[in-house]
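*Asks:* Below is one structure. I have some questions about it.
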Amino acid sequence: MGNLFGHGRLSNTGYLSILPIDQGIEHSAGASFAANPIYFDPENIVKLAIEGGCNAVASTFGVLGAVARKYAHKIPFIVKINHNELLTYPNKSDQVLYGTVREAWNMGATAIGATIYFGSTESGRQIVEVSQAFEKAHSLGMATILWCYLRNDAFKKDGTDFHLSADLTGQANHLGVTIEADIVKQKLPEVNGGYKALNIGDSSYGKLDARMYSELSTDHPIDLCRYQVLNGYAGRAGLINSGGASGKHDFEEAIRTAVINKRAGGTGLISGRKAFQRPFNEGVELLHTIQDVYLMDDVTIA
């Protein structure tokens, strides 16, 4: 963990700025890199993280393995050990292991990352696989980061996407730290009341207490994010929020997400597409802009 927190522009601040580029597998390489084909070359991915002042770069076994000898000692590597893939027809959502923790350790990685699709039919197997991988990583002195994502078509109800609900994402975070994720990655919550919505009529889903919504949170974006932090053992395991897809207002959205995360007691931001789906220099500028929020004394915990 010390290597992660001791590198880059946010070194020794207690905050993290991570560049994640595993979309070559997760979203297909063509769809991800058509906007900026230089990132088909793994070296440019690592160069962006270095020039961008990031604490670490997160990517695949293939990307990081291709350049490990040259760069593993220059910036902390986070090897993403499992992925979805979009060649099975029809497409499905399932995270599958692509390598071993020992492979990541051998290439000089500081940490491993993994995703669990909580709520999916495959989540039970994923929980077992990732918990075993995390135990191995810790035995080798590596840190662990879990992408605590939700996947279930039933979470979209009456026009509202409860994949972004504070109560459901918060519980995903709590499951993540239970299997000893040192850091959890989560999408910024936009709504709340997922448990309520899924407990309508004859359905029975999960457990809830009304105080989750009245005393532990409000509908304010900072409070919704703070509930995610609370579920990470009250912040003992750090929360990093994702930057989201690239669009016309990337800089504004990145700043907003960073401010919400920091004011809610979060640990930082992990932003990929907003940075690499634009010219290299602009990507560097965006990463620096995110980091500037965490370096500003005026932006404090709410």
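*Asks:* Is it true that GLU135 is acidic (Asp, Glu), surrounded by fewer than 18 Cβ atoms within 10 Å (Cβ to Cβ), in contact (Cβ under 8 Å) with a residue 40 or more places away in the chain and part of a loop (DSSP other than H, G, I, E, B)?
*Replies:* Values: acidic (Asp, Glu): yes; surrounded by fewer than 18 Cβ atoms within 10 Å (Cβ to Cβ): yes; in contact (Cβ under 8 Å) with a residue 40 or more places away in the chain: yes; part of a loop (DSSP other than H, G, I, E, B): no.
So GLU135 fails the test.
*Asks:* Taking region 245-295 as the search range and keeping residues that are more than 26 Å from ASN173 (Cα to Cα) and of a type in the set (Gly, Ala, Ser), which one is most open to solvent (accessible area, probe 1.4 Å)?
*Replies:* Of everything passing the filter in region 245-295, GLY247 is most open to solvent (accessible area, probe 1.4 Å).
*Asks:* Of all residues in region 143-158, how many are modelled with pLDDT under 95 and assigned to a loop (DSSP other than H, G, I, E, B)?
*Replies:* So the answer is 1.
*Asks:* Continuing with this model, one more query. Looking only at residues that are part of a helix (DSSP H, G or I) and without any contact (Cβ under 8 Å) to a residue 40 or more places away in the chain in region 122-132, which one is surrounded by the most Cβ atoms within 10 Å (Cβ to Cβ)? First the steps, then the outcome.
*Replies:* Step one: of region 122-132, the residues part of a helix (DSSP H, G or I) are 123-132.
Remaining after also requiring without any contact (Cβ under 8 Å) to a residue 40 or more places away in the chain: 123-125, 128, 132.
On the way: SER123: 19, GLY124: 10, ARG125: 14, VAL128: 11, GLN132: 13.
Taking the candidates together, the pick is SER123.
*Asks:* Let me ask something else. If GLY119 satisfies all but one of (1) crowded, with 19+ Cβ neighbours inside 10 Å; (2) under 30 Å from ASN281 (Cβ atoms), what's the number of the condition it fails?
*Replies:* (2)
*Asks:* Test of understanding: among THR144, THR178, which residue is open to solvent by less than 20 Å² (accessible area, probe 1.4 Å), hydroxyl-bearing (Ser, Thr, Tyr) and free of Cβ contacts under 8 Å to residues at least 60 places away in the same chain? I'd like the intermediate steps shown before the answer.
*Replies:* Values: THR178 fails: open to solvent by less than 20 Å² (accessible area, probe 1.4 Å).
After ruling out the rest, the residue left standing is THR144.
*Asks:* What pairs can you find where one residue is in region 264-277 and more than 16 Å from ILE78 (Cβ to Cβ), the other is among the hydroxyl-bearing types (Ser, Thr, Tyr), and their Cβ atoms are less than 9 Å apart, with a gap of 6+ or different chains?
*Replies:* ALA264/TYR227; GLY266/TYR15; ARG273/SER32; ARG273/SER246; LYS274/SER246; GLN277/SER32; GLN277/TYR39; GLN277/SER246
*Asks:* Quick check on ILE179: is it within 18 Å of GLY238 (Cβ to Cβ) and out of contact with any Asp or Glu (no Cβ under 8 Å at 6 or more places or on another chain)? Give the steps one after another, and end with the answer.
*Replies:* Numbers: within 18 Å of GLY238 (Cβ to Cβ): yes; out of contact with any Asp or Glu (no Cβ under 8 Å at 6 or more places or on another chain): yes.
Answer is yes for this residue.
The values are calculated or read from the model by the stated rules, or taken from the named source; none is laboratory data. This structure is a prediction, so every number in the text was calculated from the model and none was measured. Note: ideal-geometry Cβ built from the backbone for every residue, glycine included; neighbour counts use all protein chains shown. When the accessible area is computed, the model is the full protein with side chains, heavy atoms only, and any ligands, DNA or RNA have been set aside. Shrake-Rupley method; radii C 1.70, N 1.55, O 1.52, S 1.80 Å.
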